[in-house]
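Engineer: Next up is a structure, given as structure tokens.
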Amino acid sequence: MLRTVRTSTLCIGFEELGPTDGKPIVLVHGFPYSPHAYEAVAAPLATHGFRTIAPYLRGFGATCFRDPNAMRTGEQAALGCDVLELITALGLKRPLVVGYDWGSRAVCIAAIVAPAVVRGVLTFGAYPVFGPPITTPLDPAVEHLVWYQHFLTTPRGRAMLTANRRGFCRYLWTLWSPTWRFDDATFDATARHYENADFVDVVLHFYRYRNGLAEGDPKLAQLARRLEQRPDITVPATLLRGSEEPSAPGSELGCERFTSSLAYRELPGVGHNTPQEAPGEVVSAVLELDARAP
């Protein structure tokens, strides 16, 4: 069921399933995905007594800015604050939080900023919080991997997202999940949520800020500087990583930054969009984390 809630900055749209008095869990998507990625996760969790909340990120779907003049920032600090404000606005009591891609950063930042609010974190890939904006060349293998980020900082990148965001995002799906054979209906269920009026500006700002080409929101500057130190995550956590997850040679998982209990598992044959590629594995990981987190 689609619902909305107001925070200080946004009117956040979210998909809700399960008993209203169930154990709360927040499921956060990334770019270029949507809450539909969690449909096959939310349904079984609801049968296990969870109240599942899957918000649309800023710039996606039913989520919109309350102030037409607000900065359309996509920086990681903003995404983390969005999750915390959603939890507060809905009155959720110490939810589990799950996220991948942008959502991974958002839920991990929420746990870093307010560990008393978050009961446990399920994330994907690796420790996700960015260090300082990148302004000098990286290893060539890394630069090759993040070609799309560089493209999106150019005028041609803006033109692509403006004129052919569906084609561009579908291509990223195929690159990042090379063994997943999704159909047109699966992609279209998410792609319609790219039509948000703020999609282009938020996405471009995310990557421009990451590459040191745009300023962040001054109101978030103090938190942004703290996050650049890549703080530890001190709540119970689970880290899943697909064997087909795109990564540069020698990239680190950052497991040492999860300083409470950490469960790590690799998923053979799974790429970047884990909730849609391996929903059963995600459900199992949630149940295990629920049993382990106090």
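Engineer: Using modelled amide H (1.01 Å from N, peptide plane; none on Pro or chain starts), what sits under 5 Å from the amide H of A263, excluding residues fewer than 5 places away?
Structural biologist: A237, T238, L239
Engineer: Just the number, please: percent antiparallel of the DSSP beta bridges in the chain, rounded to the nearest 5.
Structural biologist: Around 30 percent antiparallel, to the nearest 5.
Engineer: Identify, among T52, P231, C81, the residue whose Cα sits farthest towards the positive end of the charge dipole of the range 2-292, taking +1 on the Cβ of Lys and Arg and -1 on the Cβ of Asp and Glu, with the dipole about the Cα centre.
Structural biologist: My answer, from the dipole projection, is C81.
Engineer: When 1/r is averaged over all different Cα pairs and the result inverted, which Kirkwood radius in Å belongs to the range 136-294?
Structural biologist: Hydrodynamic radius (Kirkwood, Cα only) of the range 136-294 equals 18.3 Å.
Engineer: Same structure, new question: Grab the DSSP H runs of the chain that are 4 residues or longer, score each as -39,500 (n - 2.57), total them, divide by all residues and round the 222 nm result to the nearest 500 deg cm²/dmol.
Structural biologist: On the way: 11 runs with 115 residues, N = 294.
About -11500 deg cm²/dmol.
Engineer: Once amide H atoms are built 1.01 Å from N in the peptide plane, which residues 5 or more positions from V28, or in another chain, come under 5 Å H to H?
Structural biologist: It is V98, G99, Y100, by chain and number.
Engineer: Just to confirm the filter: which chymotrypsin sites (Phe, Trp or Tyr not before Pro) across the range 165-265 are DSSP coil and have at most 16 other Cβ within 10 angstrom of their Cβ?
Structural biologist: Sparse-neighbourhood loop chymotrypsin sites (Phe, Trp or Tyr not before Pro): F182.
Engineer: Give me the number: length gained by fully extending R230 to L2, i.e. 0.36 nm times residue separation minus the C-alpha to C-alpha distance, one decimal in nm.
Structural biologist: Numbers: separation 228, 0.36 × 228 = 82.08 nm, distance 3.39 nm.
Full extension of this stretch gives 78.7 nm more.
Engineer: Then there is this: Taking loop as defined by DSSP and a crowding limit of 15 other beta carbons within 10 Å, which GluC sites (Glu not before Pro) in the range 206-282 fit?
Structural biologist: E215, E228, E252
Engineer: Could you tell me whether the range 197-236 comes out rounded, prolate or oblate from its Cα gyration tensor? Rule is a ≥ b ≥ c as square roots of the eigenvalues, rounded for a/c under 1.5, then prolate if a/b exceeds b/c, otherwise oblate.
Structural biologist: Prolate, because a/c is 1.5 or more and a/b exceeds b/c.
Engineer: Can you work out the base-10 log of I(q)/I(0) for the range 2-292 at q = 0.07, 0.09, 0.12, 0.15 1/Å, using the Debye formula on its C-alpha atoms alone?
Structural biologist: -0.23, -0.38, -0.72, -1.21
Engineer: Let me ask something else. Provide, in order from the shortest bin, the percent of all Cα-Cα pairs of the range 1-132 in each 10 Å bin, continuing until the bin that contains the maximum pair distance.
Structural biologist: Answer for the range 1-132: a P(r) of 13, 49, 33, 4, 0 percent.
Engineer: Quick one, what does Rg over Rh come out to for the range 248-288 if you take C-alpha atoms and the Kirkwood Rh?
Structural biologist: Radius of gyration over Kirkwood radius for the range 248-288 works out to 1.00.
We did not get these values from a lab; they are worked out from the coordinates using the rules stated. Because the structure is predicted, anything quoted here is derived from the model rather than measured. Every residue, glycine among them, receives a Cβ derived from its backbone with ideal geometry; neighbour counts consider all protein chains shown.
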